[in-house]
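Take a look at the structure set out below.
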Amino acid sequence: MTYPVIPDVPTASIAPYPEGATPLVESSGNKAAAVASAALAASAGQFTYCTGVEVVGSGATAASIVLVTITDGTWTVTYPLAVVAGATLQNDPLVLEFNPPLKSSAVDTAITASCPSLGTGNTNNCVNARGYNL
């Protein structure tokens with residue numbers, strides 16, 4: 001069998017970060033019935049940018065709604081997260097992508113994503129944040 005020849009096609013490379021950026025990935029680690037926070041650290045003379053946040057975890061003894069916040073101390077954005085009744089059940093993940101990224105209000109300023117305790121009986125909650133300094 002003969003296969004057709006595929007001509008060389010020029011392609012453009014798209015970098016995942018702007019030139020000169022320092023990538024950041026932070027996690028709260030697993031938290032049981034406690035606050036879960038992930039901070040994108042500040043870097044001297046640079047802005048901090050948040051490109052995305054995920055909150056994943058299990059339910060609690062009682063269903064509820066908690067408010068997930070992302071802030072640099074000057075601005076704050078808030079997203080509700082539904083917590084299901086049942087510690088062995090999984091909450092719907094909260095997956096946030098920011099395009100353009102959320103930018104710190106000043107240089108040398110961290111951005112923190114935080115989820116309050118999911119309640120009594122909760123055994124798993126994790127906040128992951130991605131971004132960069134530039």
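The values are calculated or read from the model by the stated rules, or taken from the named source; none is laboratory data. Bear in mind the structure is a predicted one, so any value in this text is a computation, not a measurement. Note that each Cβ is placed from the backbone with ideal geometry, even for glycine, and that neighbours are counted across all protein chains shown.
So that you can scan it fast, the table gives a plain yes or no per residue for (1) within 14 Å of the chain's Cα centre (by Cα); (2) over 30 Å from residue 45 (Cα atoms); (3) modelled with pLDDT under 95:
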{"position": "71", "(1), (2), (3)": "yes, no, no"}
{"position": "79", "(1), (2), (3)": "yes, no, no"}
{"position": "92", "(1), (2), (3)": "no, yes, no"}
{"position": "102", "(1), (2), (3)": "yes, no, no"}
{"position": "108", "(1), (2), (3)": "no, no, no"}
{"position": "112", "(1), (2), (3)": "yes, no, no"}
{"position": "117", "(1), (2), (3)": "no, yes, no"}
{"position": "122", "(1), (2), (3)": "no, yes, no"}
{"position": "129", "(1), (2), (3)": "yes, no, no"}
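Condition first: within 30 Å of residue 18 (Cα to Cα), surrounded by fewer than 16 Cβ atoms within 10 Å (Cβ to Cβ) and out of contact with any strand residue (DSSP E or B) (no Cβ under 6 Å at 6 or more places or on another chain). Can you find one or more residues in the stretch 45-68 that meet it?
yes
Just a yes or no: is a residue in the stretch 52-69 closer than 19 Å to residue 134 by Cα, touching a Leu at 6+ places or on another chain (Cβ under 7 Å) and in contact (Cβ under 8 Å) with a residue 40 or more places away in the chain? Walk me through how you get there before you give the answer.
The first filter runs over the stretch 52-69 and keeps only residues closer than 19 Å to residue 134 by Cα, leaving 52-53.
Next, from what is left, pick out any that are touching a Leu at 6+ places or on another chain (Cβ under 7 Å): 52-53.
Retained after the next criterion (residues that are in contact (Cβ under 8 Å) with a residue 40 or more places away in the chain): 52-53.
Yes.
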